[in-house]
Amino acid sequence: MSESQRVARRPIRVLPPALASRIAAGEVIERPASVVKELIENAIDAAARSIRLEITEAGFGRIQVIDDGIGIPPDELPLACERHATSKLLDDDLRCIQTLGFRGEALPSIAAVAELTLLSATAESRIGRRLTLRNGTIVRDEPVAHPPGTTVIVKHLFANVPVRLAAAKQKHVEAAQIVQTVRRLAIAAPHIRFTVLLDGRHVLQTSGSGDLVTVMSEVYGLPPESLQSIETVEFAEAKITGVIADPSITRPGRSHLHILVNERWTQPRGVLNTIEAAYRPLLPRGRHPILALALTLPPEQVDVNIHPAKLEVRLHHESQIAKIAAEVIRTTLGRKARTFQLAAAAVTDPLVSHTQVAEDQPSYDNRLVVTPNLPPLHILGQVQHRLILAEGPDGLYLIDQHRAHERVLYERLKAATHDAPDTLVELAEPMILELTPSQAAKLSNWLDALAALGFHCETFGRHTFLLRTTPYLPGVVTEARHAGGFPAVGQRDALIPALLEAIDDVAAEDSESWRDRLSIRLACRTAVRRGQPLDLPGLCALVQALGETSTPAVCPHGSPILLRIDGQALARQFNW
Ligand code: ADP
Ligand code: MG
């Protein structure tokens, strides 16, 4: 085609209505899962207590949604299928939307790309009405007996839109999309009982209990005790609550992070990013938690009208909300020990009381370690010169001595600063750094940065420096006022080599991530080794310091520090 031909101008025309609505429908109805989403949202908006979804052939055969909601009065049924017809906007105010739908586009869009049948009755109407539309026009209309509520049946989806049909993925992919869509809606509406059948097979069932922990356990098939409520935070007019799965249960993608804003499932990217940054150091690389976070905000602070499929919302004060949410998640995750399951299935045995296990034990008062962020632990001893064995109110604890110390040192290194003298130690005898010329050159540029982190170095000859202060590193670098019973268990000799490596590593990147890597490296090198025998004061001091860190369950590399063998698992294994 030549350039002149391509720009050849044709007259402007208004598209015939059927074509125009098929094009418009594409924005709302992309695939079978979009039909499911719109129909279930309508049922939720209609205050249904129970929603039943039956699908055949991944939605290309038949999609049927039955609800027991308020229904549509017979005389309004034809109107429901018209473009921009909605009962959900009382006045013309788009600012305070409290329903999932509000644009009046779903039913006409579905009718443009499929055969749509609606059956509905209200509590007032003694008889219901059935309406079938093909290509957007009514082909069948008759009275029908129907309990209060609505049934919607969609057939021949995309039969008249070959491009959509061609773009459809394999059936199992579309079916998986449908299941994921319903999961999200079910989590966002825990008070509704959902039943889902794919080709006659039950794939999802929730109880409608109204409880977030229950619905998460039903949707994911997890035992409720592997899910933990996160602490509820209220501030200004907002409220944050949620549920998070045990850190040992992770997923490779972010799609199991459910953010509910005023009972609407969404993915506010800013919130996701901030939350991810918070759990990143606590979970293995590339893994994500199973999590539901429910935000309750004044409706005027949520803008839902920004995405065609209403998948995104805009939150006023998003970054503030995200930060608070991230903080509660971090605390919840960081304090939870990974539960070591002796048996594959963790079935609760209500007859075994946790506290009973603790009370029956003889007390070892001089071995009891009480800290803010761990349960009270009786230190029993050391195993294989690498694990600390302790007993808590909810089971036996195994603590990796190296990682525990690493966590303690890492937090000290991150907290140290030259303007808080009590985070620092003035070395009675300075340590000497003998450097190569290039190391010396690098170090000279970083003297101020290092000093700000608590490592105060002075030049001493051409390529030699004196280290005069370091951050307070319990068990590695201490002075009299700190000694407080923390024996020197760590690798003090490793401090200088690790510092030199860190200086070699200085690149032109931002100092915050350099500081983090420096802290991880120093903590790892100087922490007590596995294989080193420790006496009781050493064991107690380590556990004491660990319980005072913010996240005692996970080391700076993201590996577990603690394993818990719970009393129930033992009872089961021993057949008590
Ligand atoms: P919207 O949900 O944006 O209002 P829809 O096209 O999805 O637009 O639905 C149009 C109208 O039909 C709704 O406003 C509602 O009054 C009615 N409606 C649709 N589905 C149901 C249902 N399951 N129960 C009761 N009313 C419904
Ligand atoms: Mg709708």
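The values are calculated or read from the model by the stated rules, or taken from the named source; none is laboratory data. These numbers were taken from a predicted model, which means no experiment stands behind them. Heads up, the Cβs are rebuilt from the backbone with ideal geometry, glycines too, and the neighbour counts pull from every protein chain shown.
Summary table below
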item: Breaking point among (1) out of contact with any Phe, Trp or Tyr (no Cβ under 9 Å at 6 or more places or on another chain); (2) part of a loop (DSSP other than H, G, I, E, B); (3) surrounded by 13 or more Cβ atoms within 10 Å (Cβ to Cβ), for Leu427; result: (2)
item: Some residue of region 163-174 being surrounded by 16 or more Cβ atoms within 10 Å (Cβ to Cβ), in contact (Cβ under 8 Å) with a residue 60 or more places away in the chain and within 16 Å of ligand 1 (Cβ to nearest atom); result: no
item: Subset of region 452-465 that is out of contact with any Ser or Thr (no Cβ under 8 Å at 6 or more places or on another chain) and not basic (Lys, Arg) - its residue that is surrounded by the fewest Cβ atoms within 10 Å (Cβ to Cβ); result: Gly461
item: Hits in region 53-90 (condition: more than 19 Å from Ala25 (Cβ to Cβ), assigned to a helix (DSSP H, G or I) and within 15 Å of ligand 2 (Cβ to nearest atom)); result: Glu76, Leu77
item: Residue within region 553-568 that is at positive phi and at pLDDT below 85 present; result: yes
item: Gly61 vs. criteria at pLDDT below 90 and in the same structural domain as Leu19 (by TED's automatic domain parsing); result: no
item: Pro73, sole failed condition from (1) under 33 Å from the mean Cα position of the chain (by Cα); (2) within 13 Å of ligand 1 (Cβ to nearest atom); result: (1)
item: Members of region 226-244 found to be under 22 Å from Val179 (Cβ atoms) and surrounded by fewer than 21 Cβ atoms within 10 Å (Cβ to Cβ), listed by number; result: Ser226
item: Options Ala123, Ala43, Ala85; residue that is over 28 Å from Lys171 (Cβ atoms) and near ligand 1 (Cβ under 7 Å from one of its atoms); result: Ala85
item: Wholly within region 102-164, strands (runs of 3 or more DSSP E) carrying at least 1 residues that are within 16 Å of ligand 2 (Cβ to nearest atom); result: 115-121, 128-134, 149-155
item: Residue in region 20-32 that is under 27 Å from the mean Cα position of the chain (by Cα), closer than 24 Å to Asp199 by Cα, of a type outside the set (D, E, K, R) and in a helix (DSSP H, G or I) present; result: yes
item: Residue match in region 492-508 (condition: under 18 Å from Tyr397 (Cβ atoms) and either of a type in the set (D, E, K, R) or at pLDDT below 80 (or both)); result: no
